[in-house]
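The values are calculated or read from the model by the stated rules, or taken from the named source; none is laboratory data. Remember, predicted model here, so these are calculated numbers, not experimental data. We place every Cβ from the backbone using ideal geometry, glycine too, and count neighbours over all the protein chains shown.
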Amino acid sequence: MTDPATAGLGWQDYLPDDRRLDGNALAGPLSMLFVPDTALAAGRCGHCGHRDLLARAPLYGDAPGHVLRCGICTHPTLRLVAAPDRFWLDLPGGSALSIPHT
């Protein structure tokens, strides 16, 4: 049975905006992994195909890692976790990352 209080709401309706930053906040953590300046890096959402600069995408950085979401469909487009001995970089759903030469 469907709960009338949540009927018609998708999972994205439960993401609290008070913890959301923008993709600029990911530049520092990504600079540990990538030498080029990632401020101009662009990504493509593997779910809806939207392309945009990472700096414009909503970032959630209060999890065990950083989760960058598509600005259109809110699906995760990049996940970065810094462990003591390695970095974990995930581009879920066939996402693409384009970093210009500087």
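Got at least one residue in the stretch 85-94 being among the charged types (D, E, K, R), over 11 Å from the mean Cα position of the chain (by Cα) and at pLDDT 75 or above?
Yes, the stretch 85-94 has at least one match.
Kindly establish whether L68 is closer than 14 Å to L26 by Cα, in contact with a Ser or Thr (Cβ under 9 Å, 6 or more places away or on another chain) and in contact (Cβ under 8 Å) with a residue 24 or more places away in the chain. Break it down stepwise before answering.
Numbers: closer than 14 Å to L26 by Cα: yes; in contact with a Ser or Thr (Cβ under 9 Å, 6 or more places away or on another chain): yes; in contact (Cβ under 8 Å) with a residue 24 or more places away in the chain: yes.
Answer is yes for this residue.
Sort through A57, A27 and tell me the only one that's modelled with pLDDT under 85 and among the hydrophobic types (A, V, I, L, M, F, W, C).
Criteria check complete, one pass: A27.
When the stretch 81-102 is examined, which residues are found to be without any contact (Cβ under 8 Å) to a residue 60 or more places away in the chain and under 16 Å from A39 (Cα atoms)? Steps first, answer last, please.
In the first step, residues of the stretch 81-102 are kept if they are without any contact (Cβ under 8 Å) to a residue 60 or more places away in the chain; the result is 81-98.
Once the filter is applied, which keeps residues that are without any contact (Cβ under 8 Å) to a residue 60 or more places away in the chain and under 16 Å from A39 (Cα atoms), the stretch 81-102 yields A96, L97, S98.
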